[in-house]
Amino acid sequence: MDSFEINKIIAAVLLTVLILIGIGKFTDILFHVEKPKESAYKIEGLDIASISTSSSEMVTKIVEEVDIKALLALGDLGHGEKVFKKCSACHMIASGGKNMIGPNLWSVIGRTAGSVSDYKYSKAMVAYGKEWTFEEMNSYLIKPQAYVKGTKMAFAGLRKEKDRASVILFMNSKSSSPKPLP
């Protein structure tokens with residue numbers, strides 16, 4: 001096989017690739033679709049609020065308005081214990097229990113985030129430092145990594161309201177002094 005034949009083969013392959021790319025570009029122009037400016041699915045209860053940080057930057061954060069009383073009415077302890085099995089791979093919930101991959105969650109409702117002394121939290125969780133109220137725990141359990149950016153917790157979250165409410169009720173019951181329900 002001489003060099004002229006090799007050149008023809010290479011030219012045929014390149015021409016085929018160029019034609020395929022050209023057809024793709026042409027169809028993009030021919031069937032141009034504009035993306036919508038607003039989301040097609042509206043979720044009620046979500047408001048966008050602007051808050052300023054210490055460096056005077058404006059940060060947009062989604063704030064979900066939830067009637068925690070109605071939410072907690074959806075849950076029950078038995079279901080919460082079943083759903084908590086997902087959490088038990090990383091967390092223990094026992095009085096005097098040890099920390100596992102995640103901290104022991106005994107008396108977590110009412111406790112300050114990042115406050116278990118013998119557990120090494122992420123910097124984001126220590127900086128978060130709010131008290132775990134029913135509302136905070138609900139927002140956190142929806143999607144932990146989105147709620148506290150930089151947390152080590154690699155859990156996808158609980159999307160179903162009944163699951164979150166049940167887990168919150170279950171965690172509240174696992175305490176020396178459970179918080180009164182709202």
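Looking at region 70-112, which of its residues are assigned to a loop (DSSP other than H, G, I, E, B) and hydrophobic (A, V, I, L, M, F, W, C)?
The first filter runs over region 70-112 and keeps only residues assigned to a loop (DSSP other than H, G, I, E, B), leaving 75-76, 90-111.
Correct list: C90, M92, I93, A94, M100, I101, L105, W106, V108, I109.
Give the number of residues within region 125-138 that are at pLDDT 90 or above and either touching a His at 6+ places or on another chain (Cβ under 7 Å) or small (G, A, S) (or both).
Total meeting the criteria: 1.
Name every residue in region 146-167 that is touching a residue at least 12 places away in the same chain (Cβ under 8 Å) and outside any loop (DSSP other than H, G, I, E, B), in order of residue number. Even if it seems obvious, please write down each step before you answer.
To start, the set of residues in region 146-167 that are touching a residue at least 12 places away in the same chain (Cβ under 8 Å) comprises 148-153, 155-159, 161-167.
Residues satisfying the conditions are E161, K162, D163, R164, A165, S166, V167.
Are any residues in region 139-169 more than 16 Å from the chain's Cα centre (by Cα) and either modelled with pLDDT under 90 or outside the structural domain of L74 (by TED's automatic domain parsing) (or both), and if so, which ones?
Result: no residue meets the conditions.
Please go through region 128-163 and pick out each residue that is surrounded by 19 or more Cβ atoms within 10 Å (Cβ to Cβ) and either touching a Leu at 6+ places or on another chain (Cβ under 6 Å) or of a type in the set (D, E, K, R) (or both).
Result: L141, L158, D163.
Does A124 satisfy the condition of being out of contact with any helix residue (DSSP H, G or I) (no Cβ under 9 Å at 6 or more places or on another chain), without any contact (Cβ under 8 Å) to a residue 12 or more places away in the chain and not basic (K, R)?
Values: out of contact with any helix residue (DSSP H, G or I) (no Cβ under 9 Å at 6 or more places or on another chain): yes; without any contact (Cβ under 8 Å) to a residue 12 or more places away in the chain: no; not basic (K, R): yes.
Answer is no for this residue.
The values are calculated or read from the model by the stated rules, or taken from the named source; none is laboratory data. Everything numeric here is computed off the predicted structure, so don't read it as measured data. Using ideal geometry, Cβ is built from the backbone for each residue, glycine included, and neighbour counts are taken over all protein chains shown.
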